[in-house]
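Novice: Pasting in a structure now, in structure tokens, and then I'll have a few things to ask.
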Amino acid sequence: MAKTIGDTDLKNIYVRLHILETGGYKLALTLRYKTEEIESFHTLDEALTILSSYLKNPFITALLFTTEMDLTFKINKKNAGSLTEQPPTFKNASPVMLEMIEKGIVKL
């Protein structure tokens, strides 16, 4: 998540896949503030609940990078959302992600 409303202490939120030794996964949320970073691990449902609470307060933009496209979600001043597709920034999946897809841990 990026582009905040006003000058806030929280600058960005990054989400990445964290693979557990048991074969499952959680999402690692990194909240980047002006002076520190805080990382926490959550299930998909927990992460979506947390992330949704930051939309419009303070973030107005969320970016999703995939190997097929970059997807940008923006909220305007009238609370209307828009999606924009762009060519992918990252064209190749990581070996770890390919292995997880092969094992059926992550489904496409």
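Novice: For the chain, what proportion of DSSP beta bridges, expressed in % and rounded to the nearest 5, is antiparallel?
Specialist: 95 percent
Novice: So, by mean Cβ neighbours within 10 angstrom, what's the order for 25-38, 78-91 with the highest one leading?
Specialist: Going from most to least packed, we get 25-38, 78-91.
Novice: Mind jotting down a quarter of the surface of the convex hull over the alpha carbons of the stretch 38-108, in square nanometres, one decimal?
Specialist: So the mean shadow area of the Cα hull is 6.3 nm².
Novice: Quote the charge dipole size of the chain about the Cα centre in Debye, to the nearest 20; the model charges only the Cβ of Lys and Arg (+1) and of Asp and Glu (-1).
Specialist: In total the dipole reaches around 460 debye.
Novice: Report the residue, chosen from LEU48, LEU20, LEU63, that carries the largest GNM mean-square fluctuation when the chain is represented by alpha-carbon nodes joined by springs under 10 Å.
Specialist: LEU20
Novice: While we're looking at this one, here's another question. Counting Lys +1, Arg +1, Asp -1, Glu -1, what net charge surrounds TYR33 among other residues with beta carbon under 15 Å of its beta carbon?
Specialist: So the environment of TYR33 carries a net charge of -2.
Novice: Next question. So what is the calculated 222 nm ellipticity per residue for the chain, using -39500 (n - 2.57) for each DSSP H run with n of 4 or more, over all residues, to the nearest 500 deg cm²/dmol?
Specialist: -4500 deg cm²/dmol
Novice: Taking only pairs that are 8 or more places apart or on different chains, how many Lys pairs in the chain have Cα atoms under 19 angstrom apart?
Specialist: 15
Novice: Also, I was wondering about something else. Would you compute, for the Cα atoms of the stretch 1-53, the largest minus smallest coordinate along each principal axis and list the three values in descending order, in whole Å?
Specialist: Here the Cα extents, ordered largest to smallest, are 41, 22, 12 Å.
Novice: Moving to a separate point now. Which residue, THR22, THR72, THR49, has the most motion in a Gaussian network model of the chain that connects Cα atoms within less than 10 Å?
Specialist: In this elastic network of the chain, the residue with the biggest mean-square fluctuation among THR22, THR72, THR49 is THR22.
Novice: Find which of ASN92, HIS42, LEU64 sits farthest along the positive direction of the dipole of the chain, computed with +1 on the beta-carbon of Lys and Arg, -1 on that of Asp and Glu, about the Cα centre.
Specialist: LEU64
Here, each number is a calculation from the coordinates, and none is a lab measurement. This is a predicted model, so every value here is computed, not measured. So basically every Cβ, Gly included, is an ideal-geometry build from the backbone, and we count neighbours across all protein chains shown.
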